[in-house]
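Working notes, beginning with the structure itself.
The values are calculated or read from the model by the stated rules, or taken from the named source; none is laboratory data. Just so it is clear, the structure is predicted and the values come from calculations on it, not from any experiment. Positions of Cβ are generated from backbone atoms using ideal geometry, with glycine treated the same way; all protein chains shown enter the neighbour counts. SASA here: full protein model, heavy atoms, side chains in, ligands and nucleic acids out. Shrake-Rupley method; radii C 1.70, N 1.55, O 1.52, S 1.80 Å.
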Amino acid sequence: MSEIRLAAESRTEFGKGAARRARRAGFVPGVVYGHGHAPVHLNLPGHDLMMALKTPNALLVVPIDGKDEYVLPKAVQREAIKRNIEHVDLLLVKRGEKVTVEIPVHTEGELAAGGNLLEHVLNALPIEAEATHLPEAVTVSVEGLEAGASILAKDIVLPAGVALAVDADAVVLQVIGAQAAEAPAEEAAEGAEA
């Protein structure tokens, strides 16, 4: 995964009024914390941040005290209706440090014939990997799976240097058989009386 540079500026004003002024100017208020470092308050460019967060677990580079630092988005608060980013919490990470994140699970292939349904028990797979080498997603083949089949976390092939951060026997995907529509028992009883 490549790193994304954001031109952040230090924030000296706090509170609702200051946050509203920053948002009107096109910035998103944020806080960087971690590694025993005192929290650092920043204003991040809104559009650039929104584009960067389209990638899950985006590795961001922001200037803190004149030095470029790596950060991962930890919590993103969005406005309820328009879904604009209101605030972001960022976790300070170091090169070579292992972090635990969730990556999306994508599927490819067709299930066996018969109207079976694929259930995503886990939409995201918890993994542990080096902060600067996080995979964007994992792809699983469901080609020809029949009803009752399931794919466990240990069955998923992960890139080198990536380990599961969930029980190896946890179900990630399962195939559910199509259910025939049955007439309610009352209607069947009424039909028998007539």
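Listed here are the residues, each with its yes/no results for (1) open to solvent by less than 40 Å² (accessible area, probe 1.4 Å); (2) without any contact (Cβ under 8 Å) to a residue 12 or more places away in the chain.
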position: Ala7; (1), (2): no, no
position: Lys16; (1), (2): no, yes
position: Arg24; (1), (2): no, yes
position: Leu44; (1), (2): yes, no
position: His47; (1), (2): no, no
position: Met50; (1), (2): no, no
position: Pro56; (1), (2): no, no
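Got a sec? Which of Pro39, Pro104, Pro63 is closer than 26 Å to Leu125 by Cβ and either aromatic (Phe, Trp, Tyr) or modelled with pLDDT of 80 or more (or both)? From the options Pro39, Pro104, Pro63, the qualifying one is Pro104. Return the residue satisfying two criteria in turn: it lies in the range 97-114 and is open to solvent by 50 Å² or more (accessible area, probe 1.4 Å), touching a residue at least 12 places away in the same chain (Cβ under 8 Å) and part of a loop (DSSP other than H, G, I, E, B), and of such residues it is nearest to Val32 (Cα to Cα). Step by step, filter the range 97-114, then rank; the result is Glu97. Of Gly26, Gly114, all but one fail to be small (Gly, Ala, Ser) and over 30 Å from Leu173 (Cβ atoms); the exception is Gly26.
Evaluate the range 82-90: report whether one residue or more is on the phi > 0 side of the Ramachandran plot and part of a loop (DSSP other than H, G, I, E, B). Within the range 82-90, one or more residues are on the phi > 0 side of the Ramachandran plot and part of a loop (DSSP other than H, G, I, E, B). The residues of the range 137-151 that are outside any loop (DSSP other than H, G, I, E, B) and either touching a helix residue (DSSP H, G or I) at 6+ places or on another chain (Cβ under 9 Å) or open to solvent by 40 Å² or more (accessible area, probe 1.4 Å) (or both), listed by number, are Thr139, Val140, Ser141, Ser150. Considering each residue of the range 116-136 in turn, none proves to be in contact with a helix residue (DSSP H, G or I) (Cβ under 9 Å, 6 or more places away or on another chain), part of a strand (DSSP E or B), open to solvent by 40 Å² or more (accessible area, probe 1.4 Å) and not small (Gly, Ala, Ser). Looking at the structure I just gave you, is Glu69 in contact with a Leu (Cβ under 9 Å, 6 or more places away or on another chain), open to solvent by less than 50 Å² (accessible area, probe 1.4 Å) and assigned to a strand (DSSP E or B)? Taking the combined requirement at face value, the residue satisfies it.
Considering the conditions (1) of a type outside the set (Phe, Trp, Tyr); (2) touching a Lys or Arg at 6+ places or on another chain (Cβ under 7 Å); (3) under 20 Å from Glu102 (Cβ atoms), Leu60 is excluded by exactly one of them, (2).
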